[in-house]
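Below you'll find the structure, written out as structure tokens, and then a few comments.
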Amino acid sequence: MPLRLAERVARMKPSASIAAKHKVTELLAAGRQVVDFTIGEPDLETPPHIIEAALAAMRRGDTHYTLTAGTPSLREAVCRKLERDSGLTYSPEEVVVGCGAKQLIFEAFAATLNKGDEVIIPAPYWVSYPDIVGVNDGTPVVVECDENTGFKLAPAALEAALTPKTRWLILNSPNNPTGAVYSRDELSALAQVLRRHPDVWLMTDEIYEHLVYDEVKTVNPVQVDPALKTRTLVINGLSKAHAMTGWRVGYAAGPNEAVSAIAKLLGQSTSCASSISQAAAVAALEGDQSHVGEAAAIYKRRRNRMIELLNGTPGLRISAPAGAFYLYPSVGGLIGRRASSGQTLRTDLDVTDYLLDQANVAVMDGSAYGLSPYLRLSFATSLSAIEIGCTQIRRACEALF
């Protein structure tokens, strides 16, 4: 008898970014020379002092279970980091550590959503938000935010999306996939809307916090409106700024009722994050921070070169992202074009297939992020890959005209 899957699994879509990574890996293994712009993680190495902290932890025997919410030293380090970088004051009891920011987003919704509860998700969005909400019996309410608003949620759009069933609003700044960063004034306007709806909680995903460019500064909504602190969950982690994706350490800070509920679920799933990774995370947050600025400078140079190479490409419209490490160009000018194979490009997914077939470049389609017709191109890769890949994209686009 075949295994009977739960309905929640049947209605859940695989992660588009993970699927793309698998496809590229298979093509490379088969000998295909593919330039990979789907990458959603730093290509930089974890800084040496963080690795040394992990080795020291293992040598002194820190290889056992920790408290479910995280080691006291890491939760204290998180509190100091939030105060230092954002002026936010939290106690260790208001912090919970998980196996990456993604797990904490999942568990937060598992802890708070009942069937039919709504979560407002501005689009473009990180691919996992809608499915994480849906698998936890919530209803994702997607609000499209186009180029006219800088891909950011406008107060009127938020007000229109709110209903008596709304439980959460997710704000991701800097944004994946667009790189959009909310200003203090923009957050203040959204906070005014939330003040009129005191039952709605706010989740801020700040995983790209330090990857910002051109003098842009990130701001947390609680900095703008401290009254939001009693219903805001701050999500962050070590993956992007500290090049620690494989270490799987994230943290959430917020009211004790939310943090305790998340910890309760963690106690019945992963028990705790890796003790070794937590020791490394303390070093990342407390030690020399120069690598963070250096990484941002590297990504800025790559961003600028990618824009320089792609500007003027027929069918593409490029805008410079303020943060993260992705371009999100419009490919509206390519829709309706016919390839030499006879295929007509009708969607941005068709464009990604065309670029893979004709340019040997792998990119993500905008439909995976909730807004078409766009592509997501990661510049978390080498300058040489950017030179080759962008040149091949340009040639493939020119062949359509």
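What is the local net charge at TYR213, summed over the other residues whose Cβ is closer than 9 Å to its Cβ (Lys, Arg +1; Asp, Glu -1)? With Lys, Arg at +1 and Asp, Glu at -1, the net is 0.
Think of the range 42-193 as a dipole: +1 on every Lys or Arg Cβ, -1 on every Asp or Glu Cβ, centred on the Cα centre; then among SER183, LEU88, ILE170, LEU88 lies furthest on the positive end. Bridge orientation summary for the chain: considering DSSP beta bridges with both residues in this region, about 45 percent are antiparallel. Centroid-to-centroid, using Cα positions, the range 215-284 and the range 105-151 are 18 Å apart. Computed over the alpha-carbon pairs of the chain, the distance histogram in 20 Å steps reads 27, 57, 16, 0 percent, short to long. Rolling a 1.4 Å probe over the protein heavy atoms gives the range 272-399 an accessible area of 36 Å² per residue. For the chain, a simple Cβ point-charge model (Lys and Arg +1, Asp and Glu -1, everything else neutral) yields a dipole of about 500 debye relative to the Cα centre.
With all protein chains kept in place, the per residue accessible area of the range 72-132 amounts to 33 square angstrom at a probe of 1.4 angstrom.
Hey, quick one: spin label on SER340, modelled 7 Å out along Cα-Cβ, who in the range 361-401 has an amide N within reach, i.e. under 16 Å? Only 361, 392-401 pass the distance filter.
Legend: translational diffusion of the range 280-379 by Stokes-Einstein, Rh = Kirkwood radius over C-alpha pairs, 37 °C, 0.692 mPa s; D = 216 µm²/s.
Restricting everything to alpha-carbon atoms, can you work out Rg to Rh for the range 96-201 with a Kirkwood hydrodynamic radius?
0.95
Heavy-atom accessible surface of CYS272, to the nearest 10 Å², is about 20 Å², with a 1.4 Å probe and all protein chains retained. The alpha carbon centroids of the range 1-58 and the range 65-97 are separated by 27 Å.
Annotation for ASP137 and ALA399: the two label points, set 7 Å from Cα along the Cα-Cβ direction, are 5.2 nm apart. Net charge of the neighbourhood of ALA160, taken over other residues with C-beta under 14 Å away and scored Lys/Arg +1, Asp/Glu -1, is -2.
Under 1.5 on a/c is rounded, so check that first for the range 202-306, then, if it is not, pick prolate when a/b is larger than b/c and oblate when it is not; a ≥ b ≥ c are the square roots of the alpha carbon gyration tensor eigenvalues. Oblate.
Ranked from largest, the principal axis spans of the Cα set of the range 157-258 equal 40, 33, 23 Å. Each of ALA368, THR230, ALA108 was scored by the projection of its Cα onto the charge dipole of the chain, and the greatest displacement toward the positive side belongs to ALA368; charges sit on the C-beta of Lys, Arg, Asp and Glu. Report in % the part of the accessible area of the chain that belongs to carbon and sulfur, leaving out ligands and nucleic acids; probe 1.4 Å. Exposed carbon and sulfur together represent 52 percent of the surface. Take the chain and mark each of the GluC sites (Glu not before Pro) that is in a DSSP loop with at most 15 other Cβ atoms within 10 Å; the longest unmarked stretch, sites excluded, is 216-401. For THR66, what is the net charge nearby, where nearby means another residue's Cβ is under 15 Å from its Cβ and Lys, Arg count +1, Asp, Glu -1? For residues surrounding THR66, the net value is +1. Once the mean of 1/r is taken over each pair of separate Cα atoms and inverted, the range 1-83 shows a Kirkwood hydrodynamic radius of 18.0 Å.
The values are calculated or read from the model by the stated rules, or taken from the named source; none is laboratory data. All of these numbers come straight from a predicted model, not from anything done at the bench. Neighbour counts are summed over all protein chains in view; Cβ atoms, including those assigned to glycine, are modelled from backbone coordinates with ideal geometry. All accessible areas refer to the heavy atoms of the entire protein, side chains included, with ligands and DNA or RNA removed. Shrake-Rupley method; radii C 1.70, N 1.55, O 1.52, S 1.80 Å.
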